[in-house]
Amino acid sequence: MISDELREGYTMIMLMLLTFILGMFIVVRQFWPVRNLEYIDYQVFLRQERDFRQYKVIDIRDATDYMANPTPDTINISLGRLAFTWEKYLLREDNVIIMSPGMLQSKKAVRILRKHGFECLYVMK
């Protein structure tokens, strides 16, 4: 028969192990590639801007960063607000180009929008 102290110690070790595994999964998931994600080169976008008029370009920088250096003809929705405010600016049928300071933020934005039913998503590199 196992003592209560030993059982509590075993339970604590298992909880710590599960917490570690879950934490590692969350960290590693950020680096996983996103399936069927297309990238648009910024220079190509600038040269062919007329071709991209039907796209909605969202800039996911924080509002303070965006206001300090705004990008013309873009919609600013910070990454932290994207899951809650996308409906004000976007329709699920829209072709959306995501601009961000880094690829990890872009991938997170893509995952958020895909969770809400978006299919035509592109990332500006």
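Quick one: in segment 22-39, of everything that is outside any loop (DSSP other than H, G, I, E, B) and free of Cβ contacts under 8 Å to residues at least 12 places away in the same chain, which residue is nearest to Glu93 (Cα to Cα)?
Checking each candidate, the answer is Arg29.
Can you confirm whether segment 52-60 contains a residue that is farther than 17 Å from Leu121 by Cβ, in a loop (DSSP other than H, G, I, E, B) and touching a Lys or Arg at 6+ places or on another chain (Cβ under 9 Å)?
no
Does Ile58 count as within 12 Å of Val96 (Cα to Cα) and of a type outside the set (Phe, Trp, Tyr)? Please lay out each step first, then the result.
On the way: within 12 Å of Val96 (Cα to Cα): yes; of a type outside the set (Phe, Trp, Tyr): yes.
Considered against the rule, which asks whether it is within 12 Å of Val96 (Cα to Cα) and of a type outside the set (Phe, Trp, Tyr), Ile58 comes out as yes.
Quickly run through segment 101-125 and pick out the residues that are open to solvent by 50 Å² or more (accessible area, probe 1.4 Å) and either at pLDDT 95 or above or under 13 Å from the mean Cα position of the chain (by Cα) (or both).
Result: Pro101, Met103, Leu104, Gln105, Lys108, Arg111, Arg114, Lys115, His116.
Checking Glu5 against (1) part of a helix (DSSP H, G or I); (2) surrounded by 10 or more Cβ atoms within 10 Å (Cβ to Cβ), which test does it fail?
(2)
If you check Tyr42, Tyr89, which single one turns out to be touching a residue at least 40 places away in the same chain (Cβ under 8 Å), in contact with a strand residue (DSSP E or B) (Cβ under 6 Å, 6 or more places away or on another chain) and either on the phi < 0 side of the Ramachandran plot or of a type in the set (Phe, Trp, Tyr) (or both)? Show your work before the answer.
On the way: Tyr89 fails: touching a residue at least 40 places away in the same chain (Cβ under 8 Å).
The match here is Tyr42.
With (1) in a helix (DSSP H, G or I); (2) surrounded by 12 or more Cβ atoms within 10 Å (Cβ to Cβ); (3) within 16 Å of the chain's Cα centre (by Cα) as the list, and Ile98 as the residue in question, which single condition is left unmet?
It is condition (1) that Ile98 fails.
The values are calculated or read from the model by the stated rules, or taken from the named source; none is laboratory data. Note that the structure is predicted; figures quoted are calculated from it, not measured. Heads up, the Cβs are rebuilt from the backbone with ideal geometry, glycines too, and the neighbour counts pull from every protein chain shown. Accessible surface areas use protein heavy atoms only, side chains included; no ligands, DNA or RNA. Shrake-Rupley method; radii C 1.70, N 1.55, O 1.52, S 1.80 Å.
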